[in-house]
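Here it is, the structure in full.
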């Protein structure tokens with residue numbers, strides 16, 4: 001089977017991406033990044049998802065972004081916003097996170113001899129993150145094909161972001177068709193050690209609205225009723 005590296009955070013979007021890549025016939029090598037994020041329960045979720053969807057291999061790479069901070073997800077002195085989704089780039093944006101993750105995926109893809117990387121970025125329900133836009137993905141792909149041995153030798157690399165233009169409801173419907181068990185996923189920015197969601201952060205709000213719009217029962221486990 002043709003190999004693909006799939007970035008797997010443990011959240012709703014990345015689980016859907018893994019299912020899509022498997023459905024498209026790829027042998028999936030799932031890569032999760034432990035960047036000392038506040039919501040570390042998603043890494044345990046990623047392990048469950050990788051097993052249930054059938055990844056060929058799952059690895060977790062450690063990169064400590066608390067060294068730099070600058071985000072509510074990497075600096076515990078900064079509170080995660082719970083007052084609702086606002087315009088602009090939120091404090092939950094992690095500087096250079098997707099660039100770091102895609103670079104790690106690119107390194108593993110080169111070693112595996114894979115020309116395909118999947119990432120679950122979304123430009124519709126994207127919370128204002130600049131590294132979730134189509135032009136960013138296109139530019140990173142261009143860079144990858146300038147900077148790698150495999151590309152210079154004629155093996156073009158592709159960055160796949162099939163969720164980029166979908167609403168959260170459309171993502172959920174597609175995942176349901178592919179058999180994704182969303183009860184295994186953790187999306188909350190401040191989930192507790194057991195993976196229970198706060199129900200109030202931006203990610204919880206978008207996730208809950210997505211299930212409602214998709215007319216699918218929300219399987220999220222909350223610490224309290226949202």
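So is residue 117 under 30 Å from residue 179 (Cα atoms) and more than 18 Å from the chain's Cα centre (by Cα) or not?
Criteria not met by residue 117.
Going by the conditions given, is residue 94 over 13 Å from residue 140 (Cα atoms) and part of a helix (DSSP H, G or I)?
On the way: over 13 Å from residue 140 (Cα atoms): yes; part of a helix (DSSP H, G or I): no.
Judged against the criteria, residue 94 is not a match.
Report the residue count in segment 12-39 for those that are in contact (Cβ under 8 Å) with a residue 24 or more places away in the chain and assigned to a loop (DSSP other than H, G, I, E, B). Explain how you work it out, then say what you get.
Pass one, segment 12-39, residues in contact (Cβ under 8 Å) with a residue 24 or more places away in the chain: 12-23, 25-39.
Narrowing the set further to residues that are assigned to a loop (DSSP other than H, G, I, E, B) leaves 25-26, 35-39.
Of the residues in segment 12-39, 7 are in contact (Cβ under 8 Å) with a residue 24 or more places away in the chain and assigned to a loop (DSSP other than H, G, I, E, B).
Further, regarding this structure: Of the residues 11, 40, which is at pLDDT below 95 and under 19 Å from residue 197 (Cα atoms)? Can you show your working first?
Details: 11 fails: at pLDDT below 95.
Testing whether each residue is at pLDDT below 95 and under 19 Å from residue 197 (Cα atoms) leaves just 40.
Given the structure, is residue 87 within 23 Å of residue 170 (Cβ to Cβ), surrounded by fewer than 18 Cβ atoms within 10 Å (Cβ to Cβ) and out of contact with any helix residue (DSSP H, G or I) (no Cβ under 9 Å at 6 or more places or on another chain)? Show your work before the answer.
Numbers: within 23 Å of residue 170 (Cβ to Cβ): yes; surrounded by fewer than 18 Cβ atoms within 10 Å (Cβ to Cβ): yes; out of contact with any helix residue (DSSP H, G or I) (no Cβ under 9 Å at 6 or more places or on another chain): yes.
In short, yes.
Check off (1) touching a strand residue (DSSP E or B) at 6+ places or on another chain (Cβ under 9 Å); (2) touching a residue at least 12 places away in the same chain (Cβ under 8 Å); (3) under 29 Å from residue 180 (Cα atoms) for residue 64 and give me the number that stays unchecked.
(3)
Among the listed residues 55, 109, 50, which satisfies the condition of being in contact with a strand residue (DSSP E or B) (Cβ under 7 Å, 6 or more places away or on another chain), assigned to a loop (DSSP other than H, G, I, E, B) and either without any contact (Cβ under 8 Å) to a residue 12 or more places away in the chain or buried (at least 17 other Cβ atoms within 10 Å of the Cβ) (or both)? Even if it seems obvious, please write down each step before you answer.
Working: 109 fails: assigned to a loop (DSSP other than H, G, I, E, B); 50 fails: assigned to a loop (DSSP other than H, G, I, E, B).
Only one candidate qualifies: 55.
So, one more: Could you list all residues from segment 197-226 that are in contact (Cβ under 8 Å) with a residue 60 or more places away in the chain and within 18 Å of the chain's Cα centre (by Cα)? Working first, answer last.
Pass one, segment 197-226, residues in contact (Cβ under 8 Å) with a residue 60 or more places away in the chain: 198, 200-203, 205-207, 210.
Result: 201, 202, 203, 205, 206, 207, 210.
Which condition does residue 146 not pass, out of (1) surrounded by 18 or more Cβ atoms within 10 Å (Cβ to Cβ); (2) at pLDDT 95 or above, if it passes all the others?
In the conditions (1) surrounded by 18 or more Cβ atoms within 10 Å (Cβ to Cβ); (2) at pLDDT 95 or above, residue 146 misses (1) alone.
Within segment 173-216, restricting attention to residues that are in contact with a strand residue (DSSP E or B) (Cβ under 8 Å, 6 or more places away or on another chain) and more than 15 Å from residue 14 (Cβ to Cβ), which residue is surrounded by the most Cβ atoms within 10 Å (Cβ to Cβ)?
The qualifying residue surrounded by the most Cβ atoms within 10 Å (Cβ to Cβ) is 197.
The values are calculated or read from the model by the stated rules, or taken from the named source; none is laboratory data. All values derive from a computational prediction rather than experimental measurement. Every residue, glycine among them, receives a Cβ derived from its backbone with ideal geometry; neighbour counts consider all protein chains shown.
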